[in-house]
Amino acid sequence: MPGESRRPRIARRRSKLHGWGVFALEPINKNTRIIDYAGELIDRKESLKRETKYLARGAVWCFTVNRRWVRDANVGGNVGRFVNHSCRPNCYSQIVGNTIWIRAGRNIKPGEELTYDYYTDGECVIRCRCRPGCTRRL
Ligand SMILES: [Zn+2]
């Protein structure tokens, strides 16, 4: 792709927030594109079916791209799917066409866990554990 630059090094590790998380291995500058949220592109109807199944296992894998499409990271996903939700995140998501980019919301230090706000509009069955006392549900 034109204008592509090297992606920062990141790694999947056990997270204090939830299961696996993704951590910076080097300093990441604000607004850097860190990784795209990969996954099978499916329509909303199919996504609703799958989400019900995934939520029963306490996981959120489906990321809404637009009114029509959803990416299911459980199928063909990359490490992007392990980036945890936080209500006070250090990253944000940006949709460009059908690509979901996870970008740095501020300068990130090596060793920090990457998080972004999922902005889910779903079932709200999973309790947010981004910090003690958070009352949000995903
Ligand atoms: Zn929270």
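Only the coordinates and a few stated rules stand behind these numbers; no lab work does. All values derive from a computational prediction rather than experimental measurement. Methodologically, a virtual Cβ is constructed for each residue, glycine included, from the backbone with ideal geometry; neighbour enumeration extends over all protein chains shown.
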Mind giving me the nanometre distance, one decimal, between the label points for Trp20 and Arg88, set 7 Å out from Cα along Cα→Cβ? 2.7 nm
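Would you calculate, for the chain, the mean residue ellipticity at 222 nm contributed by helices, counting each DSSP H stretch of 4 or more residues as -39,500 (n - 2.57) and dividing by all residues, to the nearest 500?
-3000 deg cm²/dmol
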Tell me, what is the percent relative contact order of the chain, built from C-alpha pairs under 8 Å that lie six or more residues apart? 28 percent
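Quote to one decimal, in nm, the extra length available between Glu112 and Val96 on full extension: 0.36 nm per residue of separation minus the C-alpha distance between them.
Difference between extended and current length: 3.2 nm.
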Between the range 21-48 and the range 95-116, what is the separation of their alpha carbon centroids in Å? 7 Å
Write down the percent of antiparallel bridges among all DSSP beta bridges whose residues are both part of the chain, to the nearest 5. 95 percent
Environment charge of Ala11, counting only residues whose C-beta is closer than 15 Å and scoring Lys/Arg +1, Asp/Glu -1: +4
Ranking Trp69, Trp61 by Cβ neighbours within 10 Å, fewest first, what do you get? Trp69, Trp61
Place a label point 7 angstrom from the Cα of Arg7 along the Cα-to-Cβ direction, then list the residues of the range 23-41 whose backbone nitrogen is under 17 Å away. 23-29, 31-41
